[in-house]
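A quick write-up on the structure given underneath.
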Amino acid sequence: MSKIVPFLWYTEKAEEAAAFYASILPNSRVDSVTALPADTPSGPAGSVKVVEFTLMGQPFMAISAGPLDAFNHSVSFIIHCDSQAEIDRLWVAMSEGGRTEQCGWLRDRYGLFWQIVPAVLGGMMKDQDRARAKRVTEAMLKMTKFDIDGLTKAYEGRSD
């Protein structure tokens, strides 16, 4: 059992959200859905559900318990992608019904924030050659969905 497990409070549709994420992310599944057997401030017995699920090997929990605090940019989940095809596939799937933003950010249809990021970007941005890091950072800031080829060209100082 993981010692730290993200817990997400959805106004509604936590079970649907977990099933959606599990359907598009590898090594992912809904592990259990448990209706609370007692009345709670969020609803009568049986109406509030706790969802346990795994995304890419990481355990999560979620609850559908009515409005409290909406998701916002202060917490997001990064998905490191090994290829442009993976970025493209996840970008389309995760942003459908949501909205996209600058620098690989998107808000999904359930209101949760994600960052769809090339796995190579971190190394490029930490390069000891700060001119290379600056070029890739400047390129990144102009992108909505990341383009690995564009980032690589900027990193290498190519314009072809």
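Search region 112-136 for residues being within 22 Å of Val92 (Cβ to Cβ) and in contact with a Gly (Cβ under 8 Å, 6 or more places away or on another chain), and hand back the single one that is surrounded by the most Cβ atoms within 10 Å (Cβ to Cβ). Reasoning before the result, please.
Taking region 112-136 and keeping what is within 22 Å of Val92 (Cβ to Cβ), we get 112-121.
Checking the rest, the ones that are also in contact with a Gly (Cβ under 8 Å, 6 or more places away or on another chain) come to 115-117.
On the way: Gln115: 15, Ile116: 24, Val117: 18.
Filtering region 112-136 for residues that are within 22 Å of Val92 (Cβ to Cβ) and in contact with a Gly (Cβ under 8 Å, 6 or more places away or on another chain), the one surrounded by the most Cβ atoms within 10 Å (Cβ to Cβ) comes out as Ile116.
List, please: which pairs have Cβ atoms under 7 Å, are six or more places apart or on different chains, and start with a residue in region 144-157 that is of a type in the set (S, T, N, Q) and end with one that is in a helix (DSSP H, G or I) and open to solvent by 50 Å² or more (accessible area, probe 1.4 Å)?
The qualifying pairs are Thr144/Gln102.
I'm checking my understanding of the structure. Among residues of region 137-160 that are assigned to a helix (DSSP H, G or I) and farther than 23 Å from Arg89 by Cα, which one is farthest from the chain's Cα centre (by Cα)? Spell out the reasoning first.
In the first step, residues of region 137-160 are kept if they are assigned to a helix (DSSP H, G or I); the result is 137-141, 148-156.
In the following step, the residues that additionally are farther than 23 Å from Arg89 by Cα were identified as 137-138, 154-156.
Numbers: Thr137: 21, Glu138: 23, Ala154: 25, Tyr155: 25, Glu156: 28 Å.
Only one residue fits best here, namely Glu156.
If I filter region 111-134 for residues that are touching a Lys or Arg at 6+ places or on another chain (Cβ under 6 Å) and modelled with pLDDT of 95 or more, do I get at least one hit?
Taking region 111-134 and keeping what is touching a Lys or Arg at 6+ places or on another chain (Cβ under 6 Å), we get 113.
Then drop every residue that is not modelled with pLDDT of 95 or more, which leaves 113.
Within region 111-134 (the criterion being touching a Lys or Arg at 6+ places or on another chain (Cβ under 6 Å) and modelled with pLDDT of 95 or more), the answer is yes, since at least one residue qualifies.
May I ask you to verify whether Leu90 is touching a Ser or Thr at 6+ places or on another chain (Cβ under 6 Å) and open to solvent by less than 80 Å² (accessible area, probe 1.4 Å)? Walk me through it before giving the result.
Numbers: touching a Ser or Thr at 6+ places or on another chain (Cβ under 6 Å): no; open to solvent by less than 80 Å² (accessible area, probe 1.4 Å): yes.
Criteria not met by Leu90.
Among the residues of region 77-111, write down those that are assigned to a loop (DSSP other than H, G, I, E, B), farther than 20 Å from Glu16 by Cβ and out of contact with any helix residue (DSSP H, G or I) (no Cβ under 8 Å at 6 or more places or on another chain).
Keep residues of region 77-111 that are assigned to a loop (DSSP other than H, G, I, E, B), which gives 82-83, 96-98, 101, 108-111.
Okay, now just the ones that are also farther than 20 Å from Glu16 by Cβ, so 82-83, 101.
Of everything in region 77-111, those that are assigned to a loop (DSSP other than H, G, I, E, B), farther than 20 Å from Glu16 by Cβ and out of contact with any helix residue (DSSP H, G or I) (no Cβ under 8 Å at 6 or more places or on another chain) turn out to be Asp82, Glu101.
Just to be sure I understand, how many residues within region 51-82 are under 18 Å from Ser28 (Cβ atoms) and of a type outside the set (Asp, Glu)?
Adding up the residues that qualify gives 17.
If you check Gly66 against the conditions, is it open to solvent by less than 30 Å² (accessible area, probe 1.4 Å) and touching a residue at least 60 places away in the same chain (Cβ under 8 Å)?
On the way: open to solvent by less than 30 Å² (accessible area, probe 1.4 Å): yes; touching a residue at least 60 places away in the same chain (Cβ under 8 Å): no.
Here the answer is no, as Gly66 does not meet what is asked.
Which of the residues spanning region 112-136 are assigned to a loop (DSSP other than H, G, I, E, B) and more than 27 Å from Phe60 (Cβ to Cβ)? Full working, then the answer.
Quick first cut of region 112-136, residues assigned to a loop (DSSP other than H, G, I, E, B) only: 112, 119-120, 126-129.
Matches in region 112-136: Lys126, Asp127, Gln128, Asp129.
Can you go through Thr144, Thr152 and tell me which one is farther than 21 Å from Tyr10 by Cα, open to solvent by less than 40 Å² (accessible area, probe 1.4 Å) and hydroxyl-bearing (Ser, Thr, Tyr)?
Values: Thr144 fails: open to solvent by less than 40 Å² (accessible area, probe 1.4 Å).
Exactly one residue qualifies, and that residue is Thr152.
Please verify whether Glu101 is of a type outside the set (A, V, I, L, M), in contact with a Ser or Thr (Cβ under 9 Å, 6 or more places away or on another chain) and more than 17 Å from Ile24 (Cα to Cα), treating the condition exactly as stated. Quick ask: steps written out before the conclusion?
Working: of a type outside the set (A, V, I, L, M): yes; in contact with a Ser or Thr (Cβ under 9 Å, 6 or more places away or on another chain): yes; more than 17 Å from Ile24 (Cα to Cα): yes.
Yes.
Of all the residues that make up region 1-59, how many are loosely packed, with under 13 Cβ neighbours inside 10 Å, among the hydroxyl-bearing types (Ser, Thr, Tyr) and not in a strand (DSSP E or B)?
Number satisfying all stated conditions: 2.
The values are calculated or read from the model by the stated rules, or taken from the named source; none is laboratory data. Computed from a predicted model, the values in this text were never measured in an experiment. Quick reminder, even Gly has a Cβ in these numbers, built from the backbone with ideal geometry, and neighbours come from all protein chains shown. Remember, those area values only see protein heavy atoms, side chains included, never the ligands or the DNA or RNA. Shrake-Rupley method; radii C 1.70, N 1.55, O 1.52, S 1.80 Å.
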